[in-house]
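Scroll down for the structure; my scribbles are underneath it.
The values are calculated or read from the model by the stated rules, or taken from the named source; none is laboratory data. Not measured: the values here are computed from a predicted model. Quick reminder, even Gly has a Cβ in these numbers, built from the backbone with ideal geometry, and neighbours come from all protein chains shown. Surface areas here come from the heavy atoms of the whole protein model, side chains and all, with no ligands, DNA or RNA. Shrake-Rupley method; radii C 1.70, N 1.55, O 1.52, S 1.80 Å.
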Amino acid sequence: MPHYLGIDSSTQSLSAVAIDVEPGPGGAGPAGPARRRVVAEASINFDQELPQYGARNGVLPNPDPKVAHSPPLLWADALDRIFPKLKELGVDLSRVRAIAGSGQQHGSVYLKKGAAEALARLDPARPLVEGIRGIFSRASSPIWMDSSTTRECREIEASVGGSGDAEGRALAKLTGSRAFERFTGPQIRKFYRESPGGYAETDRIHLVSSFMATLLSGTHATIDPGDGAGMNLMDLARKTWAKAALDATAPGLEAKLPPVRESWTVVGPVSSYFVKRHGLSKDARVVVWSGDNPCSLIGVGLVKPGRIAISLGTSDTLFGFMPAPVVDEAGEGHVFGAPTGHYMSLICFKNGSLAREKVRDAYQMGWREFDEALRATRPGNGGAVLLPWFDPEITPNVLEPGVRRYALDARDGPRNVRAVVEGQMAAMFLHSKWMGVKTETIYATGGAAANREILQIMADIHGAEVYQFPVGKSAALGAALRAHHADRKAGGQEPAWDDVVAGFAEPIRESRIAPRPQYAALYRDFVDLYRTCEDHARHRATERARALEEFRKRNES
Ligand code: ADP
Ligand code: XUL
């Protein structure tokens, strides 16, 4: 039976999921669940297994809380090390027919001229990182956690929409999102401004996703509309680079970007390095990689409208399938391409798992004690609210970090634990209203979706039933399913997405967590209360930022 491989290069780890799919008569489906199975799942945690790159939680420490970069060599090293792990788990790599992948979104990698040539002549006797050290024109990669480009965001919005377009509506209409600090366009503009020499030396700018596919194939890979939409550079409707956005970002940019191609594009066969070093077949296809959220959309089977998923990973995201793009023009939401060729809506919260971990650690708890604290405290927490902005927050947009507590004693561990989770879930509920989806069912994924106490609060606050999945690594699974889909397309078939995801991306029926009706009214009140706290904190933050600006204007020349 052929294997398909999905690899997810995320913030804190790199994971792989290998699946088996029986082609069925004549190579087409529908193949039932018995003929489809996950063969192996493997993972490399960056902090634990590759500490020599100096990252913490996958990110390079920086004195400026707004700056977040990672070393691209770390991702490459993890890619080189995942194949022996899969082999140890019994995966016959020579049977892999296609590999697709998923990357943390928005992050960018800057390569010099000659990078593809260097990749094509790598020595398989030596580790990948040794052969690629010289290909970068920028040593580190800004990632999605970076929020240091507010100036560039405003410049790009004004350039595309004119100075009257204070909310970036024109850019949102064109690209699917107003300008966001972590998006690739503003990051590229900052690099161009701060390091014009480095920008000039850059021959190609890749996303994490297309960089990883480039390593695997030894040729510059294309970008798909799922990840391309996270750049503030792609015309969302046309799925091509948008001239107005390119011009607003940096000169000569189009020549440095790979083209946008559909999510089932085959980049080429796997490079001879991976064939010789790891025993992959020389015919194995590398399929264009996408973003982790678009891949998760497939990995939880959201190939039709009507349901949403919440991913509780390093970031918390809430997303849903969208048949045609409906943009949140003035808002906090995004529209990305979906790997099916349609669209998806998404909102992203930066203070996700790491915020829960910070609260857990502050009271010397493990996840078991964290769960006990949730069980020992009451829904609504007596009106306590915690705004968990340990780092600058994306949704709502808060650039000055700081945890805010209302009616909550910082010394009270159990109530702080409940408050962080209730605050996060209330924020998701409030900020997802623009999507206009009536949420009756939520598919939960990501590392923290293993935690049923957290999911109960999710169910109660959203008033929706919540399901877990057998494969926790939904982004890697979604990538493996995309590899299967693209391989069949390349073989001349038109596989239906329902059939592609069948038997894999299905929730565990018995995992259902129902919303508890006795708390419905209480949580409606709680969401209102939460909103007033958020408004209060944001109002004060804006006031302070203005006062600071005023102070600097008057007193620093
Ligand atoms: P990413 O793919 O973004 O690197 P994952 O989806 O693998 O992240 O999720 C990793 C996170 O899952 C960890 O940071 C951790 O906080 C969280 N996690 C793991 N187990 C639990 C648990 N039992 N309860 C809550 N959170 C958990
Ligand atoms: C989505 C986002 C994050 C990253 C990292 O817009 O910024 O979810 O994709 O997972």
Some residue of the range 131-138 being more than 16 Å from ligand 1 (Cβ to nearest atom), open to solvent by less than 30 Å² (accessible area, probe 1.4 Å) and touching a Pro at 6+ places or on another chain (Cβ under 7 Å) = yes
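Quick check on the range 93-109. Is at least one of its residues out of contact with any Phe, Trp or Tyr (no Cβ under 9 Å at 6 or more places or on another chain) and not hydrophobic (A, V, I, L, M, F, W, C)? Please lay out each step first, then the result.
Taking the range 93-109 first, the residues out of contact with any Phe, Trp or Tyr (no Cβ under 9 Å at 6 or more places or on another chain) are 94-95.
With not hydrophobic (A, V, I, L, M, F, W, C) added as a condition, the list becomes 94-95.
Yes: one or more hits.
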With 152, 157 as the choices, which residue is open to solvent by less than 10 Å² (accessible area, probe 1.4 Å) and closer than 18 Å to residue 236 by Cα?
-> 157
Limited to the range 316-362, what total is found for residues that are assigned to a loop (DSSP other than H, G, I, E, B) and open to solvent by 20 Å² or more (accessible area, probe 1.4 Å)?
-> 11
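Examine the range 164-179 for a residue that is within 16 Å of ligand 1 (Cβ to nearest atom), at pLDDT 95 or above and not acidic (Asp, Glu), and state whether such a residue exists. Steps first, please.
Initial filter on the range 164-179 (within 16 Å of ligand 1 (Cβ to nearest atom)): none.
No, every residue in the range 164-179 fails to be within 16 Å of ligand 1 (Cβ to nearest atom), at pLDDT 95 or above and not acidic (Asp, Glu).
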Report yes if some residue within the range 458-468 is part of a helix (DSSP H, G or I), within 16 Å of ligand 1 (Cβ to nearest atom) and either modelled with pLDDT of 95 or more or within 16 Å of residue 39 (Cα to Cα) (or both); otherwise report no.
-> yes
The range 389-403 residues that are touching a residue at least 24 places away in the same chain (Cβ under 8 Å) and more than 20 Å from residue 63 (Cβ to Cβ), paired with ones that are open to solvent by 20 Å² or more (accessible area, probe 1.4 Å) and part of a loop (DSSP other than H, G, I, E, B) (beta carbon under 6 Å, 6 or more apart) = 395/332
Quick one: count up the residues across the range 46-65 that are modelled with pLDDT under 95 and within 16 Å of ligand 2 (Cβ to nearest atom).
-> 0
Does residue 216 satisfy the condition of being of a type outside the set (Phe, Trp, Tyr), under 25 Å from residue 171 (Cα atoms) and modelled with pLDDT of 95 or more?
-> no
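Give 328, 283 a once-over and let me know the one that is in contact (Cβ under 8 Å) with a residue 24 or more places away in the chain, touching a Lys or Arg at 6+ places or on another chain (Cβ under 9 Å) and more than 16 Å from ligand 2 (Cβ to nearest atom).
Within the list 328, 283, the selection yields 283.
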Has the range 463-471 got any residue that is at negative phi and within 16 Å of ligand 2 (Cβ to nearest atom)?
-> no
Do the conditions hold for residue 367, that is, is it over 22 Å from residue 292 (Cβ atoms), surrounded by 17 or more Cβ atoms within 10 Å (Cβ to Cβ) and of a type outside the set (D, E, K, R)?
-> no
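Would you confirm whether any residue within the range 152-175 is within 14 Å of ligand 2 (Cβ to nearest atom) and more than 23 Å from residue 71 (Cα to Cα)?
Scanning the range 152-175, I find at least one residue that is within 14 Å of ligand 2 (Cβ to nearest atom) and more than 23 Å from residue 71 (Cα to Cα), so the answer is yes.
Looking at 74, 93, which is the one that is over 24 Å from residue 225 (Cβ atoms), open to solvent by less than 10 Å² (accessible area, probe 1.4 Å), in contact with a helix residue (DSSP H, G or I) (Cβ under 8 Å, 6 or more places away or on another chain) and within 16 Å of ligand 2 (Cβ to nearest atom)?
Numbers: 93 fails: within 16 Å of ligand 2 (Cβ to nearest atom).
Unique residue meeting the criteria: 74.
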Answer yes or no as to whether residue 289 is open to solvent by 30 Å² or more (accessible area, probe 1.4 Å) and more than 23 Å from residue 150 (Cα to Cα).
-> no
Scan (1) away from ligand 1 (no atom under 12 Å from the Cβ); (2) surrounded by 24 or more Cβ atoms within 10 Å (Cβ to Cβ); (3) among the aliphatic types (A, V, I, L, M) for the single condition residue 310 breaks and write down its number.
-> (1)
Test: residue 410 is within 16 Å of ligand 2 (Cβ to nearest atom) and either in a strand (DSSP E or B) or surrounded by fewer than 24 Cβ atoms within 10 Å (Cβ to Cβ) (or both) | no
From the set of residues in the range 370-379 that are open to solvent by less than 30 Å² (accessible area, probe 1.4 Å) and part of a loop (DSSP other than H, G, I, E, B), which is farthest from ligand 1 (Cβ to nearest atom)?
-> 379
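This table checks each residue for (1) at pLDDT 95 or above; (2) of a type outside the set (Gly, Ala, Ser); (3) open to solvent by 10 Å² or more (accessible area, probe 1.4 Å); (4) more than 13 Å from ligand 1 (Cβ to nearest atom).
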residue: 432; (1), (2), (3), (4): no, no, yes, yes
residue: 435; (1), (2), (3), (4): no, yes, yes, yes
residue: 479; (1), (2), (3), (4): yes, no, no, no
residue: 486; (1), (2), (3), (4): yes, no, no, yes
Number of positions in the range 248-301 that are part of a helix (DSSP H, G or I) and touching a strand residue (DSSP E or B) at 6+ places or on another chain (Cβ under 8 Å) = 9
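Here is a yes/no grid of residues against (1) in contact with a strand residue (DSSP E or B) (Cβ under 9 Å, 6 or more places away or on another chain); (2) among the acidic types (Asp, Glu); (3) crowded, with 24+ Cβ neighbours inside 10 Å:
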{"residue": "201", "(1), (2), (3)": "yes, yes, no"}
{"residue": "204", "(1), (2), (3)": "yes, no, no"}
{"residue": "211", "(1), (2), (3)": "yes, no, yes"}
{"residue": "214", "(1), (2), (3)": "yes, no, yes"}
{"residue": "218", "(1), (2), (3)": "yes, no, no"}
{"residue": "233", "(1), (2), (3)": "yes, no, yes"}
{"residue": "236", "(1), (2), (3)": "yes, no, no"}
{"residue": "243", "(1), (2), (3)": "yes, no, no"}
{"residue": "246", "(1), (2), (3)": "no, no, no"}
Every residue from the range 313-358 that is within 16 Å of ligand 1 (Cβ to nearest atom), under 28 Å from residue 266 (Cα atoms) and among the aromatic types (Phe, Trp, Tyr) | 319
